[in-house]
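Notes to accompany the following structure.
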Amino acid sequence: MGEILVFLGPPGAGKGTLASWYREKTGAKHISTGDVLRQAVKDETEVGKTAAKYMNAGKLVPLDVILDVLFEAVPDFSTGTILLDGFPRTVDQAEALEKRLGKKNLEVDRVVLFEIPDEDVVKRLSGRLLCPNCGAVYNLESAPPHREGLCDVCGTELIRRKDDEPDSIRERLKVYWDSTSPLVSYYRDRGKLVPIDASKGIEEVRSELKNISNL
Ligand code: ADP
Ligand code: AMP
């Protein structure tokens, strides 16, 4: 049976890493609004042009833009398991999602909260490397590529994200605590929240996720 899952947590908590693994394991449809926006920036679409300014500064893109992006990426929430990574990020977004799902008698089933201290986030993001071609994510310390600087999957030269510079990381953490963290109580009050300790190593976080997903 299908499910609607949300991965919630600060930038750098490991949501994308775990979401890729979960998708491979289960065949879930993985939607990272950050990935969709980065593709739009690369393609220089209107959305991409608007979004780039916000993304580079570590700010959230405006509500109407992100809703268009999400609902275009997922026109139908009723088939298969859908894993939302990086959405919702504000209570307004969560309410818009609830409204959209409600029309089809659907709701978010579970929200996995990735708990991790800010210091660990700063460390992880400072070492993050991204494949600009296939989107694979690496880390200089915890998940290095086999060949230095090159993607294991497609061989493309890896890059650092513009928003993984120190000023941007600080801003994104502030945005998380100001605008996104209220979603913790929003989803806890609705009985949806499942916290996991995301500060552990990748294998350990995977097994926590396995335990809560009956994988
Ligand atoms: P998010 O999608 O939450 O922003 P990512 O999945 O991109 O986070 O992970 C951020 C960085 O931390 C990446 O460089 C990734 O390789 C690394 N990483 C992810 N999970 C772990 C973990 N459990 N332990 C150590 N490093 C991790
Ligand atoms: P991420 O890849 O999840 O770290 O997202 C990268 C950037 O994309 C964020 O810093 C925001 O600028 C933008 N973004 C991604 N998802 C959202 C969202 N749900 N709401 C607003 N902005 C978003």
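Odds and ends about this structure:
- Enumeration of residues in region 141-173 that are surrounded by 12 or more Cβ atoms within 10 Å (Cβ to Cβ) and among the charged types (D, E, K, R): Asp152, Arg160, Arg161, Lys162, Asp163, Asp164, Glu165, Arg170, Glu171, Arg172
- So Asp152, is it without any contact (Cβ under 8 Å) to a residue 40 or more places away in the chain, under 20 Å from Ala19 (Cα atoms), acidic (Asp, Glu) and touching a Leu at 6+ places or on another chain (Cβ under 9 Å): no
- Failed criterion for Asp120 (all others in (1) within 14 Å of ligand 2 (Cβ to nearest atom); (2) closer than 30 Å to Asp197 by Cα; (3) modelled with pLDDT of 95 or more; (4) assigned to a helix (DSSP H, G or I) hold): (1)
- Within the span defined as region 5-27, every residue fails to be away from ligand 1 (no atom under 16 Å from the Cβ), small (Gly, Ala, Ser) and touching a strand residue (DSSP E or B) at 6+ places or on another chain (Cβ under 6 Å).
- Subset of region 75-117 [part of a loop (DSSP other than H, G, I, E, B), surrounded by 13 or more Cβ atoms within 10 Å (Cβ to Cβ), away from ligand 1 (no atom under 14 Å from the Cβ) and not hydrophobic (A, V, I, L, M, F, W, C)]: Gly80, Thr81, Pro88, Thr90, Glu107, Asp109
- Of all residue pairs spaced 6 or more apart or on separate chains, those with beta-carbon atoms under 6 Å, a first member in region 5-21 that is near ligand 2 (Cβ under 10 Å from one of its atoms) and a second member that is assigned to a helix (DSSP H, G or I) and of a type in the set (A, V, I, L, M, F, W, C) are Phe7/Ala19; Pro10/Val121; Gly12/Val121; Gly12/Leu125.
- Just so you know, in region 22-73 the residues that are without any contact (Cβ under 8 Å) to a residue 24 or more places away in the chain and β-branched (Val, Ile, Thr) include one that is nearest to Asp92 (Cα to Cα), and it is Val65.
- Qualifying residue in region 155-173 (condition: within 24 Å of Glu95 (Cα to Cα) and either free of Cβ contacts under 8 Å to residues at least 24 places away in the same chain or in contact with an Asp or Glu (Cβ under 6 Å, 6 or more places away or on another chain) (or both)): yes
- A search for C-beta distances below 7 Å between a residue of region 193-204 that is small (Gly, Ala, Ser) and any residue that is part of a strand (DSSP E or B) and near ligand 1 (Cβ under 10 Å from one of its atoms), counting only pairs 6+ apart in sequence or on different chains, returns Ala198/Phe114.
- Of all residues in region 15-74 being aromatic (Phe, Trp, Tyr) and under 30 Å from Glu203 (Cα atoms), the one that is surrounded by the fewest Cβ atoms within 10 Å (Cβ to Cβ): Trp21
- Scan of region 183-205 for residues that are surrounded by 13 or more Cβ atoms within 10 Å (Cβ to Cβ) and under 18 Å from Pro88 (Cβ atoms), ordered by number: Leu183, Val184, Tyr186, Tyr187, Arg188, Arg190, Lys192, Leu193, Val194, Pro195
- The sole residue among Ala57, Ala19 that is at negative phi and at pLDDT 95 or above is Ala19.
- Among the candidates Thr156, Thr180, residue that is at pLDDT 95 or above and farther than 16 Å from Val121 by Cβ: Thr156
- Taking residues in region 115-142 that are within 17 Å of Ile169 (Cα to Cα), and partners anywhere that are assigned to a helix (DSSP H, G or I) and among the aliphatic types (A, V, I, L, M), the pairs with Cβ atoms closer than 8 Å and at least 6 places apart or on different chains are Asp118/Leu173; Val121/Ile169; Val121/Leu173; Val122/Ile169; Val122/Leu173; Leu125/Ile169; Ser126/Ile169.
The values are calculated or read from the model by the stated rules, or taken from the named source; none is laboratory data. Predicted, not measured: the structure shown is a model, and the values here were computed from it. Neighbour counts are summed over all protein chains in view; Cβ atoms, including those assigned to glycine, are modelled from backbone coordinates with ideal geometry.
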